[in-house]
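Enquirer: Dumping the structure here so I can ask a few things about it.
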Amino acid sequence: MSKKLYFWEKRKAVLINKHDKERVIVPIIEENTGLQITVERSYDTDLFGTFTKEIRRKASQLDTAYLKARKGMELTGLDIGIASEGIFGSHPVVPFIPWNYEIVLLIDTKNDIEIVGESGTTSTNYDYITTDDYKELEVFAEKILFPTHFIVLRPDDEESNSITKGINSWESLREAFELGIKKSKQGKVFVEADTRAFANPTRMENIGKATYDLIKKMKSYCPKCRTPGFSVVNSKMGLPCECCGNPTKEILLRVSTCRKCAYTEENMVEEKRASAGRCLFCNP
Ligand SMILES: [Zn+2]
Ligand SMILES: [Zn+2]
């Protein structure tokens, strides 16, 4: 093992979890850092909010991950807590493009640090449909990669409490559809991609990416105080134009800051010049 791992090796951590996310998170962290992870399943993390809408999410994504990690530590008495939390919505910059943003949070109370691994992607199958037509439902199901990706179905609309989750075969989809139509007041069903991690391999992959980002930060130590989690927190624009040399809106340097001692380092990007196409003077 590399010298850099002394901070984490053989320490014990808890991951609080209900939906099988440990299948991807635990091996990545254990193999890459030497942490030993206990999975805590006795607490129903759905109480913190769930994707399938029975319990509306109250806190923000990071707050929810924080509460979960703390709960795991409280239940086990361990001083490192890990929790993962994801959201589905539309892309932060480009509206109407589906977006999945996953975080994996690590809290270490012994050293008073928090590190957040993150991964945002447009690669998600999330979508929904309201329909009374089984043929249309079949087309929708193919599109969202059913049956490797599960489906959730309700009569009428997304507000209905009569919910069928974890539909993962064509027979059970047909059955759920017919039952949903029968229960429905308006003769239609609301169907959406199941976004729980175990029901959605595409999401699981993104949770893996967020975990690797966490590892990268866990192995990045502050040059001054040697605390892990030293990572880029900001960037500055102004890379000079290749033609006229004026500053452009391309990234010039990235700023890394230690959350413990506030030591800050600025690193220039590798590119020396921005393309004239990105220049407000050459290409207004
Ligand atoms: Zn220019
Ligand atoms: Zn520091």
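Enquirer: Given a cut-off of under 8 Å on Cα pairs at least six residues apart, what relative contact order in percent is computed for the chain?
Expert: 14 percent
Enquirer: Another one. Kindly provide the trypsin sites (Lys or Arg not before Pro) of the range 173-203 that DSSP labels as loop, not H, G, I, E or B, and whose Cβ sees at most 14 other Cβ atoms within 10 Å.
Expert: Lys185
Enquirer: Given H placed on each backbone N at 1.01 Å, which residues far from Lys12 in sequence or on other chains put an amide H within less than 5 Å of it?
Expert: Those qualifying (amide H under 5 Å, at least 5 residues apart or on another chain) are Gln36.
Enquirer: Would you work out which of Gly81, Asn267, Pro223 lies farthest towards the positive end of the dipole of the chain, given +1 charges on the beta-carbon of Lys and Arg and -1 on that of Asp and Glu, about the Cα centre?
Expert: Farthest towards the positive end: Pro223.
Enquirer: Another question about this same structure. Through the Karplus equation 6.51 cos²θ - 1.76 cosθ + 1.60, θ set to phi - 60°, convert the phi angles of the range 264-276 into ³J(HN,Hα) values in whole Hz; use x for Gly and Pro.
Expert: Listing the rounded values in order: 10, 10, 10, 10, 5, 6, 5, 5, 8, 9, 8, 5, 4 Hz.
Enquirer: Here's something else I'd like to know. Taking a point 7 angstrom from the Cα of Lys272 along the C-beta vector, which residues in the range 237-259 have backbone N less than 12 Å away?
Expert: In the range 237-259, the label zone of Lys272 (backbone N under 12 Å from the point 7 Å along Cα→Cβ) covers 242.
Enquirer: Using the C-alpha atoms of the range 128-194, what convex hull volume per residue, in cubic angstrom, is computed?
Expert: Output value, Cα hull per residue: 65 Å³.
Enquirer: Per DSSP H run of at least 4 residues, take -39500 (n - 2.57); add these up for the chain, divide by its residues and hand me the 222 nm value, nearest 500 deg cm²/dmol.
Expert: Mean residue ellipticity at 222 nm (helix-derived): -8000 deg cm²/dmol.
Enquirer: Could you pull out every one of the lysines with an alpha carbon less than 24 Å from that of Lys183, ignoring same-chain neighbours closer than 8 positions?
Expert: Leaving aside lysines fewer than 8 places away in the same chain, those within reach of Lys183 are Lys53, Lys135, Lys165.
Enquirer: Accessible area, 1.4 Å probe, largest first: how do Phe96, Phe88 sort?
Expert: Phe96, Phe88
Enquirer: Per-residue HN-Hα couplings for the range 129-137, Karplus 6.51 cos²θ - 1.76 cosθ + 1.60 at θ = phi - 60°, whole Hz, x for Gly and Pro?
Expert: Whole-Hz 3J(HN,Hα) from phi for the range 129-137: 8, 10, 8, 10, 10, 5, 4, 5, 5.
Enquirer: Scattering from the C-alpha atoms of the range 180-284 alone, worked out with Debye: what is log10 I(q)/I(0) at q = 0.09 1/Å?
Expert: Per q value, in the given order, log10 I(q)/I(0) is -0.51.
Enquirer: Further, regarding this structure: Given a 1.4 Å probe and every protein chain left where it sits, what share in percent of the accessible area of the chain is carbon and sulfur?
Expert: 52 percent
Enquirer: Going Cα to Cα from Lys18, which aspartates and glutamates come in below 17 Å? Please leave out same-chain ones fewer than 8 positions away.
Expert: Within reach: Glu40, Asp44, Asp46, Glu54, Glu74, Glu85, Glu102, Asp194.
Enquirer: Using a 1.4 Å probe and ignoring any ligands, DNA or RNA, find the accessible area of Asp156 and quote it in Å² to the nearest 10.
Expert: Using a 1.4 Å probe on the heavy atoms, I get roughly 20 Å².
Enquirer: Right, next: If I histogram all Cα-Cα distances within the chain using bins 10 Å wide from 0, what percent of pairs lands in each bin?
Expert: It works out to 6, 23, 26, 21, 15, 8, 1, in whole percents.
Enquirer: Give me the percent relative contact order of the range 175-284, please, defined on Cα pairs under 8 angstrom at least 6 residues apart. All intermediate terms of the calculation are to be shown ahead of the outcome.
Expert: Details: 147 pairs, mean separation 18.6, N = 110.
Normalised by residue count, the contact order of the range 175-284 is 17 percent.
The values are calculated or read from the model by the stated rules, or taken from the named source; none is laboratory data. As the structure is a computational prediction, the values presented were derived from the model and not from experiment. Please note: Cβ atoms are built from the backbone with ideal geometry, for glycine as well, and neighbour counts cover all protein chains shown. Calculation scope for accessible area: heavy atoms of the full protein, side chains included, ligands and nucleic acids excluded. Shrake-Rupley method; radii C 1.70, N 1.55, O 1.52, S 1.80 Å.
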